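To start, the structure under review is shown below, and the notes come after it.
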Amino acid sequence: MVDVETTGLDAARNEIIELAMVPFTYGLDGKVFRVGEAFTALRQPSENIPESITTITGITDQMVAGKVIDPADVEAFIAPAALVIAQNASFDWRFLERFCAGFVTKSWACSMTQIA
């Protein structure tokens, strides 16, 4: 399961400022058997975070100052995943595939529209 916070809605222009992921194992009936250790990280964008984004996310320029998310760390974390699930997958995947090549080869599902 993944979630991103970004500096805006345009994946070609805006940037990820927070990435949160949690691995889990589940059965065909949807029952969750195991939840692994979460990955959470902040990232300083190339420009200041718009005030409207801080209002929505609570993330400030001070919180992300000097923070970096290493795409290699992200790729290693997602390597065992058979499926990537996001609450609004059509939004998240556009940012994540641009940020880390490992997401390009993953299957995606949306918890809003595809998963009960």
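Coordinate-derived values only; no laboratory data. These figures come from a predicted structure and were not determined experimentally. Reconstructed Cβ throughout: ideal geometry from the backbone, glycine too, with neighbour counts over all protein chains shown.
Within the chain, DSSP assigns beta bridges of which about 70% are antiparallel (rounded to the nearest 5). Between residue 55 and residue 72, the modelled labels are 4.1 nm apart [label points 7 Å from Cα along Cα→Cβ]. Global dimensions of segment 2-110 from alpha-carbon coordinates: Rg and Dmax equal 14.3, 44 Å. Extension gain, residue 31 to residue 9: 0.36 nm times the residue separation minus the Cα-Cα distance gives 4.6 nm. Only Lys, Arg, Asp and Glu carry charge here, each on its Cβ (+1 for the first two, -1 for the last two); on that basis the chain has a dipole of about 340 debye about its Cα centre.
Across segment 83-90, coupling constants 3J(HN,Hα) worked out from phi with the 6.51/-1.76/1.60 Karplus curve, θ = phi - 60°, read 8, 10, 10, 9, 5, 10, 4, 5 Hz, and Gly and Pro carry x.
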